[in-house]
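The block underneath contains the structure these notes are about, expressed in structure tokens.
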Amino acid sequence: MASYDYEDAGANYDDPRHATAPSPAGQDIGYDPNFVPDSVKSFVVHLYRHIREKNVYETHQMYETSFQSLSDRLFKDTPWPSVDAVAHFVDNDHVFCLLYREMWFRHLYARLSPTLKQRIDSWDNYCSLFQVVLHGVVNMQLPNQWLWDMVDEFVYQFQSFCQYRAKMKTKTEQEIALLRKFDQAWNVYGVLNYLQAFVEKSSIIHILEEEKEGLEQFTATDGYDYSGGSSNVLKVLGYFSMVGLLRVHCLLGDYHTGLKCLLPIDISQQGVFTSVIGSHITTIYHYGFANLMLRRYVDAIHEFNRILLYIYKTKQYHQKSPQYEQILKKNEQMYALLAICVSLCPQVKLVDETVNSQLREKYGEKMIRMQRYDEEAFAIYDELFSYACPKFITPSAPSFEEPLVNYNQDAYRLQLKLFLYEVKQQQLLSGIRTFLKVYSSISLGQLATYMEMDESTLRTILLTYKHKTHAVDSVGKIMSNADVDFYIDDDIIHVVESKPVNRYGDFFLRQIVKLEGMINDLDRVKLD
């Protein structure tokens, strides 16, 4: 059985762009922060012009394509030129320089290993940029991809800093002195406050409510103002910040609050969050994981199924995208989480045939073993959870007193312990469920005899089954996760089994798609 070290498995869970960690930034002998190649000068000048002209299409092309290609060609293992070196090409525009530095630091995190000072400088740059958006006049429209990446990277760098700070054993005296001096950098309250401030200042919750009444067109326009009159930056940052809050609360282990932050977005419908593939996957991944930890298995299965089917159908269109590796990594993690959900709550009828086929191919044997609830089964639950869970953080500042200790895995160990405790409690219920599947009605005494226990103990276990197969949803209603339910009347257990609905439409659609694929293949065949 493969074993996954949490340190390795979770280290880059949020973005494989951060997968490489060579020498600390700026230590490359050939790097001159003041040297600006002509292609970079041209890129900066044109990007600045397109932003000023509110040309979202060209801005998106330069941000998504040109920036990546220049990075691959010229800055594979070095930072971009410093902001001071390019500022005079863009009239020393304050806001553009903040945006450039945001991209500069993102590239640094993706390609190199940032120093502590650079981590702190990145925090200061986010503070300056966000203050301008929240309290200044921002007269520009930026692509949703860029705005999502801002929120995504902001949360990633917070998580990265917490993990970095928690490894105290390897810190030098200079690093400890810097941590003491800049103790507010990447403070959890500061991170949460900025995200919450975007939600409140943008009035995005009110906008989404008005949209339901037909008074707003936020989703229909993907958040853009096509008349060109106003900026989309604050509104869309406010929207994506709700996803950011969900993610931060998941990293902290506060799943209820995380889901509460996401409530204004109807994830069952198309929305602005689905307009960016990274946002779509991150939203559903954290939504599903939070529901898994709150025992809302049906909700988790439903959304994992939808997103996995979506990725299956569309991933070929993202092969050249910088997010492609992230899509594949998250796809594998969500299959692992779906395997856990279906093992704890056997609601296979909720899973599409295509997704179920992929699931059985990847985890079929392990899912059979997970039903045994022995030590081997718990080891598999441990393995899948460690591979697929978020990289939990401890947000509190470390103790600087000797001896220095590492505490970067404490939060993960706590969440794993709580999860496995829940799994072990399910062991009691496996026998009950087996009998309930066989009988339509059975007396308490007879079932107690079969299970070799007294009636009092059986009643307790039946109550436990009821408790463990029901959960409270986000609006306070009790929902059932059980595929087999029951009620007791006069010491007789009456079983109510939900009947699977045959999806004939889905079957025919799949066969039509297969036939069209075969016809296309035949059309490409050249006959001699």
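The values are calculated or read from the model by the stated rules, or taken from the named source; none is laboratory data. From a predicted model like this one, the values you see are computed outputs, not experimental measurements. Virtual Cβ from ideal backbone geometry, glycine too; neighbours counted across all protein chains shown. Side chains are part of the model used for accessible areas, which takes the heavy atoms of the whole protein and leaves out ligands, DNA and RNA. Shrake-Rupley method; radii C 1.70, N 1.55, O 1.52, S 1.80 Å.
For the stretch 285-331, the candidate set comprises residues that are open to solvent by 50 Å² or more (accessible area, probe 1.4 Å) and polar (S, T, N, Q); within that set, the residue that is modelled with the lowest pLDDT is Gln319. If you scan the stretch 177-189, which residues turn out to be among the aromatic types (Phe, Trp, Tyr) and either outside any loop (DSSP other than H, G, I, E, B) or open to solvent by less than 50 Å² (accessible area, probe 1.4 Å) (or both)? Matches in the stretch 177-189: Trp186, Tyr189.
Conditions (1) under 29 Å from Phe400 (Cβ atoms); (2) not aromatic (Phe, Trp, Tyr), marked per residue:
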position	(1), (2)
Tyr100	no, no
His107	no, yes
Pro143	no, yes
Phe161	yes, no
Asp183	yes, yes
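Note on the stretch 428-437: residues that are out of contact with any strand residue (DSSP E or B) (no Cβ under 9 Å at 6 or more places or on another chain) and either open to solvent by 80 Å² or more (accessible area, probe 1.4 Å) or assigned by the TED database to the domain that holds Ser343 (or both) amount to 2.
Checking each residue in the stretch 378-394 for being within 30 Å of Val191 (Cβ to Cβ) and in contact with a helix residue (DSSP H, G or I) (Cβ under 6 Å, 6 or more places away or on another chain) picks out Leu384, Phe385, Ser386, Tyr387, Ala388, Pro390, Lys391, Phe392, Ile393, Thr394.
Restricting the stretch 119-144 to residues that are among the aliphatic types (A, V, I, L, M) and outside any helix (DSSP H, G or I), which is surrounded by the most Cβ atoms within 10 Å (Cβ to Cβ)?
Leu142
With respect to the conditions (1) buried (at least 22 other Cβ atoms within 10 Å of the Cβ); (2) not in a loop (DSSP other than H, G, I, E, B), Leu234 falls short on a single one, namely (1). Candidates in the stretch 200-225 are the residues that are assigned to a helix (DSSP H, G or I) and in contact (Cβ under 8 Å) with a residue 60 or more places away in the chain; of these, the one that is farthest from Ile267 (Cα to Cα) is Lys201. Residues satisfying the criterion are absent from the stretch 390-410 (criterion: out of contact with any strand residue (DSSP E or B) (no Cβ under 6 Å at 6 or more places or on another chain), of a type in the set (Gly, Ala, Ser) and either outside any loop (DSSP other than H, G, I, E, B) or under 28 Å from His470 (Cβ atoms) (or both)). The number of residues in the stretch 74-118 being open to solvent by 50 Å² or more (accessible area, probe 1.4 Å), farther than 15 Å from Ser42 by Cα and in a helix (DSSP H, G or I) comes to 4.
Within the stretch 250-276, the set of residues being outside any loop (DSSP other than H, G, I, E, B) and open to solvent by 20 Å² or more (accessible area, probe 1.4 Å) comprises Leu252, His256, Thr257, Lys260, Cys261, Thr274.
As for the stretch 184-198, it holds at least one residue that is in contact with a Ser or Thr (Cβ under 6 Å, 6 or more places away or on another chain), within 26 Å of Glu64 (Cα to Cα) and of a type outside the set (D, E, K, R). Just one of (1) within 27 Å of Phe161 (Cα to Cα); (2) over 24 Å from the mean Cα position of the chain (by Cα) fails for Pro114. It is (2). Inspection of the stretch 168-176 identifies no residue that is modelled with pLDDT of 95 or more and either under 24 Å from the mean Cα position of the chain (by Cα) or outside any helix (DSSP H, G or I) (or both).
Looking at Thr282, Thr354, just one residue is touching a residue at least 40 places away in the same chain (Cβ under 8 Å), surrounded by fewer than 17 Cβ atoms within 10 Å (Cβ to Cβ), among the β-branched types (Val, Ile, Thr) and over 27 Å from Ile432 (Cα atoms), and that residue is Thr354. Close Cβ contacts (under 8 Å, 6 or more residues apart or on different chains) running from residues in the stretch 500-528 that are under 17 Å from Leu309 (Cβ atoms) to residues that are hydroxyl-bearing (Ser, Thr, Tyr) and modelled with pLDDT of 75 or more comprise Arg510/Thr354. Of all residues in the stretch 50-57, none are on the phi < 0 side of the Ramachandran plot, in contact (Cβ under 8 Å) with a residue 24 or more places away in the chain and not in a helix (DSSP H, G or I).
Among residues that are in a helix (DSSP H, G or I) and of a type in the set (S, T, N, Q), Gln196 is included.
Inspect the stretch 208-221 for any residue being within 30 Å of Pro395 (Cβ to Cβ) and buried (at least 16 other Cβ atoms within 10 Å of the Cβ) and give the result as yes or no. Yes: one or more hits.
Here Asn193 clears all of (1) more than 21 Å from Phe105 (Cβ to Cβ); (2) open to solvent by 10 Å² or more (accessible area, probe 1.4 Å) except the condition numbered (1).
Give me the pairs, please: first residue somewhere in the stretch 137-149 and more than 18 Å from Tyr226 (Cα to Cα), second residue anywhere and charged (D, E, K, R), beta-carbon distance under 8 Å, and either six or more positions apart or on two chains. The qualifying pairs are Asp149/Arg106. Tell me yes or no: at least one residue of the stretch 388-408 is closer than 17 Å to Tyr285 by Cβ, open to solvent by 30 Å² or more (accessible area, probe 1.4 Å) and in the same structural domain as Cys162 (by the TED database). Within the stretch 388-408 (the criterion being closer than 17 Å to Tyr285 by Cβ, open to solvent by 30 Å² or more (accessible area, probe 1.4 Å) and in the same structural domain as Cys162 (by the TED database)), the answer is no, since none of the residues qualifies.
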